[in-house]
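Comments concern the structure below.
The values are calculated or read from the model by the stated rules, or taken from the named source; none is laboratory data. Note that this is a predicted model, so its numbers are computed, not measured. When we count neighbours, we look across all protein chains shown, and the Cβ atoms used for this are built from the backbone with ideal geometry, even at glycine. The accessibility values were calculated without ligands, DNA or RNA, using every heavy atom of the protein model including side chains. Shrake-Rupley method; radii C 1.70, N 1.55, O 1.52, S 1.80 Å.
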Amino acid sequence: MNNTAETQCPRSVTEQDRARAQIYQLLGVLLSGPPSSELLKGLASLQGDDTPLGVASKNLAVLAERTTPSDAEREYNNLFVGLGRGELLPYTSYYLTGFLNEKPLAELRTDLMARGIKARSDVKEPEDHIGTLCEIMSGIITGQFPCDSDLASQKAFFDAHLAQWAALFFTDLEEAQSAIFYGPVGSLGRAFMAVETDAFAIQ
């Protein structure tokens, strides 16, 4: 897989922050659309260890090796698109209010404007989609945007837009009826959110 976080990075970042940005970027890509054959091949080479994050990475590698692009696309559509709606609605507004396009989306848009972050013109989803939020976190960590990218800025964005619901969403994804390949994506996201929450708590 291409090291997207590294190639976009306009400043020096630590290895730890680069690794964090890469996980956010990976989650963002996987949640914004079905994986390509190239991405599946890259995921099949993931390594892991005995930590929750490592176990999820190993499980994702196993599933990626067994999954075809057409299977992944079908699963993605069942989970997030469906006929009318998918099994899950991956938006901040829905998880926090039970409805789409509510106050959390307005608050996010205000925050993005203040940070000088503009939505890409090719993205049709509301900005509070979990995939978009993960990509934004990756960009903040690597200094891709004009806003401050220090830990305080990262924590402020995480606390405001991910901390209250992202772990629950990833748990729902992990346990979703339609999730096979995306089951370990949910496990990876849930484990990573726990790591991020603990790290930010001591800042």
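Annotations
- Accessible area of the chain divided out per residue, in Å², using a probe of 1.4 angstrom: 51 Å²
- Distance in nm between pseudo-label sites at residue 123 and residue 200 (7 Å out along the Cβ direction from Cα): 1.7 nm
- The value of relative contact order for the chain, using C-alpha pairs under 8 Å at least six residues apart, is 27 percent.
- Entry for segment 53-149 at q = 0.25 Å⁻¹: log10 I(q)/I(0) = -1.23, Debye formula applied to identical alpha-carbon scatterers, no solvent contribution.
- Percent of C-alpha pairs per 10 Å bin in segment 135-188, short distances first: 25, 36, 29, 10, 0.
- All-pairs alpha carbon distance profile, segment 83-203, 5 Å steps from 0, percent: 2, 11, 20, 23, 21, 15, 6, 2, 0
- Helix-only CD estimate at 222 nm, as mean residue ellipticity for the chain, using -39500 (n - 2.57) per DSSP H run (n ≥ 4): -20000 deg cm²/dmol
- 3J(HN,Hα) from dihedral phi, segment 85-93, Karplus parametrisation 6.51/-1.76/1.60, rounded to Hz, x for glycine, proline: 6, x, 5, 10, 10, x, 10, 4, 4
- For segment 168-184, the Karplus equation 6.51 cos²θ - 1.76 cosθ + 1.60, evaluated at θ = phi - 60°, returns couplings of 5, 4, 5, 5, 4, 5, 4, 9, 5, 4, 7, 7, 10, 4, 7, x, x Hz by residue, with Gly and Pro reported as x.
- Placing a pseudo-label 7 Å from each Cα along the Cα-to-Cβ vector at residue 107 and residue 58 gives an inter-label distance of 3.9 nm.
- Farthest positive-ward along the chain dipole, Cα basis, beta-carbon charges - from 32, 56, 168: 32
- Less than 5 angstrom separates the built amide H of residue 81 from those of 86, 87, all sequence-distant by 5 or more or on a different chain.
- Extents of the chain, largest first, come to 42, 39, 32 Å (Cα atoms, principal axes, whole angstrom).
- Under Karplus coefficients 6.51, -1.76 and 1.60, residue-wise ³J(HN,Hα) of segment 134-141 in Hz, glycine/proline x: 5, 5, 5, 4, 4, x, 5, 4
- Accessible area, probe 1.4 Å, largest first, for residues 65, 73: 65, 73
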